[in-house]
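In what follows, a structure is listed as structure tokens, so that the remarks can point back to it.
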């Protein structure tokens, strides 16, 4: 499946309330400026059916996905940028969302940037990767004799463990600035508190959802 097909499939899922794979943020009346970090083609913002006057911005490192997003929507501003270095002034947004993108970032740096661009009292919505997902990927790769993939997932597993225990992450290769990890409630809570977030809550169900408020 090419990148375009993947994002179109994700848009189809996000647009179908009956799909069990669907997970969407709650958009409140006070959320007039919304940022999606790791937006892909903007499928979450598009499927949110935002009202008139809402400013929606999506950032991603994938230029191809952003180009597709511009074809799908002319109301979302798509910007090529990393979550660890957001090109916005402080306190620019009421809501920051990030759907399964934070696990591929340096978690502490990205959360610090999300806090910086959020207004005081602003909301954060995240979906993350649990340990069970990484463990399943290791097992699947091992069964299919994909040993390079096993080694890579072992590194992801180690990164998640050090993030959980010590709040640390390591790039792979070391100078690549490429990060990936799984998250735990303990680890992400520590990182959110360090970034200035409070009122941290975890969603129920099959998805690893976390919400928080920026300290006012």
So residue 183 fits all but one of (1) assigned to a helix (DSSP H, G or I); (2) in contact (Cβ under 8 Å) with a residue 12 or more places away in the chain; what number is the exception?
(1)
Residue that is modelled with pLDDT of 95 or more and surrounded by fewer than 19 Cβ atoms within 10 Å (Cβ to Cβ), where the choices are 5, 12
12
Among 140, 134, which is the only one that is farther than 17 Å from residue 38 by Cα, free of Cβ contacts under 8 Å to residues at least 60 places away in the same chain and either in contact with a strand residue (DSSP E or B) (Cβ under 6 Å, 6 or more places away or on another chain) or buried (at least 19 other Cβ atoms within 10 Å of the Cβ) (or both)?
134
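One line per residue, one yes/no per condition, for (1) within 30 Å of residue 53 (Cβ to Cβ); (2) in a loop (DSSP other than H, G, I, E, B); (3) more than 16 Å from the chain's Cα centre (by Cα):
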site: 91; (1), (2), (3): yes, yes, yes
site: 97; (1), (2), (3): yes, no, no
site: 111; (1), (2), (3): yes, no, no
site: 121; (1), (2), (3): yes, no, yes
site: 139; (1), (2), (3): no, no, yes
site: 151; (1), (2), (3): no, no, yes
site: 168; (1), (2), (3): no, yes, yes
site: 173; (1), (2), (3): no, yes, yes
Taking the range 158-189 and keeping residues out of contact with any helix residue (DSSP H, G or I) (no Cβ under 7 Å at 6 or more places or on another chain) and buried (at least 18 other Cβ atoms within 10 Å of the Cβ) leaves 159, 188
Can you tell me which residue within the range 61-81, out of those that are in contact (Cβ under 8 Å) with a residue 24 or more places away in the chain and in a strand (DSSP E or B), is nearest to the chain's Cα centre (by Cα)?
78
Top-ranked residue in the range 190-216 [being in contact with a helix residue (DSSP H, G or I) (Cβ under 8 Å, 6 or more places away or on another chain) and part of a helix (DSSP H, G or I); ranked as farthest from residue 24 (Cα to Cα)]
194
I want to confirm something. Restricting to the range 9-44 and keeping residues that are in contact (Cβ under 8 Å) with a residue 40 or more places away in the chain and part of a helix (DSSP H, G or I), which single residue is farthest from residue 102 (Cα to Cα)?
11
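The values are calculated or read from the model by the stated rules, or taken from the named source; none is laboratory data. Everything numeric here is computed off the predicted structure, so don't read it as measured data. Glycine gets a Cβ as well: all are built from the backbone with ideal geometry, and neighbour counts include every protein chain shown.
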